[in-house]
Amino acid sequence: MSSPMGGLDAETFAWDHRIYRYIFLSGLTVLFYDHLLTLGTEIPTIWLSKLRPSTVWFLGVRYLALVASAAICVFYFGNLSPEVFHHPPSFGVLTLHPPSCSTMERGLEGLLLTQEALVEFTLTLRVFAMYGLNLWISTSMGLVGGVAGGLGLWTVIKYGHPQMLSMPGLTGCHTAIPRDTALRSAYAWLAQFSLDLIVFGLTVYCAYRDRSAIRYVPGSLVERMARDGAMYFGIIVLANLANVLTLFLGDIIIAGILSWWTTSLSVTLICRLMLNLQRAGVGAQRENFESTELTGIHFVEPNAPAQRAQDDGLDSLADV
């Protein structure tokens, strides 16, 4: 790219630069603020409970997002350009050599893909449980998820060495997203949007189908998945759609501006849902009333085979 600002005038570049930072900081604020709000629930439910695959999975999803957010803060706000450091600072025998913006960008791309994969797999797993471990549900969602993941990897590989932009007086790294790369990214996010839409639709349908059981047994895992899942998944769908629109309509900086914001929001909502399910499971185990009891779920006389399969699926994933 011949121009260090990618053909943008200084005013547009500075404006895009500011907006990019503001949007990232808003997502970061949501992520950290929600972490503080739910820490009182997380400690007894996750840290002080018996170690299970579900708790390990929760910790991976939640704390990978925090590590990635710390790294992206350095990327957006640190002076990482080699031109800034003509003489690397020294501390005794240690000399700090600032990392290249392009090198860090490749690492962040990997973190973004990993986080989105964890989020989508968690969504798929929960819907899989709601439908009684239905093989057709898991296969269809797995195919859509595989397409989304493949398109994401293809986009990163085709992009090659990241093109970095700079402007005198502005710190941080600025990645240029050429038009062809933006379109490839848009198709990958569209595939992910399709998967999220399927998850949302299946969750809403399950809530409608089992509305009588939900009313009869308040506080069950089915109610948590139907009530919280429908709302959370719907928000994730809208956030992904907004990011797709920036890829189709934005310039070389604005394209994909909501990627990290969407990821932070998705991680926040998924962690909320997982905590709610863990708390519902623990609460159900502590209750003592006359009902048919499954580990973490209570239902009164579940007489339908489909309902029993759904209960077993949610039970197994609550303990996973």
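We did not get these values from a lab; they are worked out from the coordinates using the rules stated. Bear in mind that the values here come from a model prediction, so they are computed numbers and not experimental data. Here the Cβ positions follow ideal geometry from the backbone for every residue, glycine too, while neighbour counts run over all protein chains shown.
Overview of values
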| read-out | value |
| --- | --- |
| Order of Glu120, Glu11 - criterion: other Cβ atoms within 10 Å of each residue's Cβ, fewest first | Glu11, Glu120 |
| Projected label distance in nm at Arg18 and Trp136, using a 7 Å step from Cα toward the beta-carbon | 5.5 |
| Residue order, fewest to most surrounding Cβ atoms within 10 angstrom, among His35, His17 | His35, His17 |
| FRET efficiency for Ala242 and His161, using Cβ-Cβ distance with R0 set to 41 Å, rounded to 0.05 | 0.90 |
| Amide H contacts of Thr175 (H built 1.01 Å from N, under 5 Å, at least 5 apart or other chain) | Leu165 |
